[in-house]
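Q: First, the structure itself, so that you have it in front of you.
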Amino acid sequence: MTEQTLTAKQLTVAPIGASMATGDMPRLRDALNRGLDAGLTISECKEILVQLYAYAGFPRSLNALALLMSVLQEREARGAHDEPGREPGPVPSGHALLELGTDNQTRLVGAPVSGPLFEFAPAIDQFLKVHLFGDIFARDNLDWAARELATVGALAAMPGLAPQLESHLRISMNVGLTAQQLNQVASEFKHRGDQEAAERIVSALEKNQRLTRPPMATGYRRVQI
């Protein structure tokens, strides 16, 4: 990643997330081909689609993975060679996984996450820490910047998720992405004809820029994972 612009490879991640989240299979086919052409490995593509079940649901993820299988078969038939990439390393279990997930969540958000919502529904707090930030974000075959680009793409594509999109834009900057790079994602969506997703990203970035305090996890309004 350069200092101020996304690489061609990085720029393909958010459109994969967006088309997967909305179930737009023709766009997803195109986005996956663009990503593979730009250097995404097969493992990275699979991981994007696996991770996003946590945001868009199992049906979308399963359908997207089935499409990826088809895309890879088509590419192989025409002689394309796609790098397999590497499989993720081992992930701990039990209490160690809870500790790792809690640490990952704190590092991503920038502060420990607590608040009324998680007191009201402690099960969701447990699921976030153990599964999303433990089981999934501990998998090391996709870096955190790419995971956030995929998540931002998915959240921007779905209406009614402004708080979560704002939160993940802040997380994106916590893992090293810049506002300019995230605006580049919005420009890519606009270029591809997804004006609504582009506008959601721009609006969320502008709202984040108006915040005078750092993203503290003191209540559910400040942290919407």
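Q: Within the stretch 24-42, can one find any residue that is of a type in the set (Lys, Arg) and under 17 Å from the mean Cα position of the chain (by Cα)? Can you show your working first?
A: So in the stretch 24-42, the residues of a type in the set (Lys, Arg) come out as 27, 29, 34.
So of that shortlist, the ones also under 17 Å from the mean Cα position of the chain (by Cα) come out as none.
No.
Q: Looking at the stretch 4-30 only, could you name the residues that are without any contact (Cβ under 8 Å) to a residue 60 or more places away in the chain and under 18 Å from Leu182 (Cα atoms)?
A: Thr7, Ala8, Lys9, Thr12
Q: Among Glu76, Glu3, which is modelled with pLDDT under 95, open to solvent by 60 Å² or more (accessible area, probe 1.4 Å) and either closer than 27 Å to Glu196 by Cβ or out of contact with any Leu (no Cβ under 9 Å at 6 or more places or on another chain) (or both)? Talk me through it step by step, then tell me what you get.
A: On the way: Glu76 fails: modelled with pLDDT under 95.
One residue alone meets the criteria, Glu3.
Q: Let me ask something else. Taking helices (runs of 4 or more DSSP H) that fall entirely within the stretch 99-201, which contain at least 1 residues that are crowded, with 23+ Cβ neighbours inside 10 Å? Give the derivation first.
A: Working: elements: 116-120, 122-127, 144-157, 162-174, 179-191.
Here the list reads 144-157, 162-174, 179-191.
Q: Still on this model: Restricting attention to the stretch 26-70, and to residues there that are closer than 14 Å to Gln10 by Cα and touching an Asp or Glu at 6+ places or on another chain (Cβ under 7 Å), which single residue is surrounded by the most Cβ atoms within 10 Å (Cβ to Cβ)?
A: Leu36
Q: Whether any residue in the stretch 213-225 is open to solvent by 30 Å² or more (accessible area, probe 1.4 Å) and either at pLDDT 95 or above or assigned to a helix (DSSP H, G or I) (or both) is what I want to check.
A: Scanning the stretch 213-225, I find no residue that is open to solvent by 30 Å² or more (accessible area, probe 1.4 Å) and either at pLDDT 95 or above or assigned to a helix (DSSP H, G or I) (or both), so the answer is no.
Q: Quick check, is Glu87 open to solvent by 30 Å² or more (accessible area, probe 1.4 Å) and assigned to a loop (DSSP other than H, G, I, E, B)? Full working, then the answer.
A: Values: open to solvent by 30 Å² or more (accessible area, probe 1.4 Å): yes; assigned to a loop (DSSP other than H, G, I, E, B): yes.
The answer is yes for Glu87.
Q: When you scan the stretch 101-116, how many residues do you find that are aliphatic (A, V, I, L, M) and closer than 24 Å to Cys45 by Cα? Lay out the reasoning, then the answer.
A: Taking the stretch 101-116 as the starting set, the residues that turn out to be aliphatic (A, V, I, L, M) are 108-109, 111, 113.
Filter once more, keeping what is closer than 24 Å to Cys45 by Cα: 108.
Total satisfying the criteria: 1.
The values are calculated or read from the model by the stated rules, or taken from the named source; none is laboratory data. Given the structure is predicted, the values throughout are model-derived calculations rather than measurements. FYI the Cβ positions are ideal-geometry reconstructions off the backbone, even for glycines, and counts take in every protein chain you see. Calculation scope for accessible area: heavy atoms of the full protein, side chains included, ligands and nucleic acids excluded. Shrake-Rupley method; radii C 1.70, N 1.55, O 1.52, S 1.80 Å.
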